[in-house]
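Comments concern the structure below.
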Amino acid sequence: MNGWILAATVELGGAGAAALWGVTTGPPARRVIAQNLTTSAVCPALLLLAQGYGRPSYVDLALLLALLGPVGTLVFARLLSDDLAGDSPSAWALTWAAAALGAAVVVALCVAGDPGRATVKLLVIGALLIGGNLIASRALAGGFRGVAGG
Amino acid sequence: MSDALTVVVLVLVAAAATAAVAQRDPARQALVLSFLGVLLAALFTVLQAPDVGLSQLAVGSALTPLLIMLSVRKVRRRGRSKEGPE
């Protein structure tokens, strides 16, 4: 077990347990926030695993998760908008902490690897992860009222 | 020693699956199910099956919750229209 896999274990265990606790307890607003944070928790772990196993092709999983995770959250934001109308769920401290975690992992992997196409791919994944997370959080907090309801 | 990662992910998957069964409201079940789908993809990656993980990710993170939430909304609307205007 090298350091990358150890980091992935700690990250996945801590953030996964926190997200599981949040998604199973509390009011719907809290559950949706925890579901949104799942993407930010698992995607950096997948990147760390790809580096730990020494298989660059595993990075594709993180790319797909960074693309589809916010889509899943937007589904809930759209179809649960009646339940979420009362208390607009927002946890900006948590959102920025998750974004900082993703950015830290991407920067660490970029420094560890050789510069080239892999670095560009990592940066694209990081931008997708953080951008998608911010858009999904804003949608949950009621930032796009024009498309809510239905 | 690298079994620690497998054990951590397996415990998380077992806990999430149990929690998904234990929820009462279908909408909340869909939320836990989406979390479980992402965790399963991580488990498949840890077990060195990233191709299975890719398809699990595509199905579990967005498609299954979308189908469940659409069905829940349709059922709720039908129940509301049968009871008459409220």
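Read-outs: derived from the displayed coordinates by stated rules, not from any lab. Just so you know, these numbers come straight off a predicted model, no measurement behind them. Glycine gets a Cβ as well: all are built from the backbone with ideal geometry, and neighbour counts include every protein chain shown.
Legend: calculated FRET efficiency, A:ASN2 to B:ASP25, from the Cβ-Cβ distance at R0 = 41 Å, rounded to 0.05, equals 0.45. GNM on chain A, alpha-carbon springs under 10 angstrom: the most fluctuating residue among A:SER81, A:SER57, A:SER40 is A:SER57.
Once a ≥ b ≥ c are taken as the square roots of the eigenvalues of the Cα gyration tensor of the range B:3-83, is the result rounded (a/c under 1.5), prolate (a/b larger than b/c) or oblate (a/b not larger than b/c)? Judged from the Cα gyration tensor, the range B:3-83 comes out oblate (a/c at least 1.5, b/c at or above a/b). Ordering B:ALA4, B:VAL59, B:LEU47 by Cα displacement along the dipole of the range B:3-83 toward the positive end leaves B:VAL59 in first place; charges were set at the Cβ atoms of Lys, Arg (+1) and Asp, Glu (-1). Between B:ARG78 and B:ALA14, the simple spin-label model (points 7 angstrom out along Cα→Cβ) gives 3.8 nm. If you take all other residues with their beta carbon under 11 Å from the beta carbon of A:LEU46, and give Lys and Arg +1 and Asp and Glu -1, the sum is -2. Karplus-derived 3J(HN,Hα) values for the range A:119-127, using 6.51 cos²θ - 1.76 cosθ + 1.60 with θ = phi - 60°, are 5, 4, 4, 4, 5, 4, 4, x, 5 Hz; glycine and proline are entered as x.
Place a +1 charge on the Cβ of each Lys and Arg in the protein assembly as shown and a -1 charge on the Cβ of each Asp and Glu, then give the dipole magnitude about the Cα centre in debye, rounded to the nearest 20. Please list the in-between numbers first.
Values: 17 positive and 11 negative charges, 165 e Å.
Dipole size: approximately 800 debye.
Radius of gyration over Kirkwood radius for chain A, both on Cα atoms: the Rg/Rh ratio is 1.01. What angle do you read, to the nearest 10 degrees and between 0 and 90, between the alpha-carbon axis of helix A:92-112 and the longest principal axis of chain A? Around 20 degrees separate the two axes.
Out of A:ALA91, A:GLY14, A:LEU74, whose Cα points farthest toward the positive end of the dipole of the protein assembly as shown (charges: +1 Lys, Arg; -1 Asp, Glu; placed on Cβ)? Ranked along the dipole, the leading option is A:LEU74. Can you give me the C-alpha center-to-center distance between the range A:8-78 and the range B:41-83, rounded to a whole angstrom? Answer, in whole Å: 15.
Name the most mobile residue of B:SER61, B:SER71, B:SER34, meaning the one with the largest mean-square fluctuation, in a Gaussian network model of chain B with Cα contacts below 10 Å. Result for chain B, Cα springs under 10 Å: B:SER71 fluctuates most. Among B:LEU47, B:LEU66, B:LEU36, the largest mean-square fluctuation in a Gaussian network model of chain B (Cα springs under 10 Å) belongs to B:LEU47.
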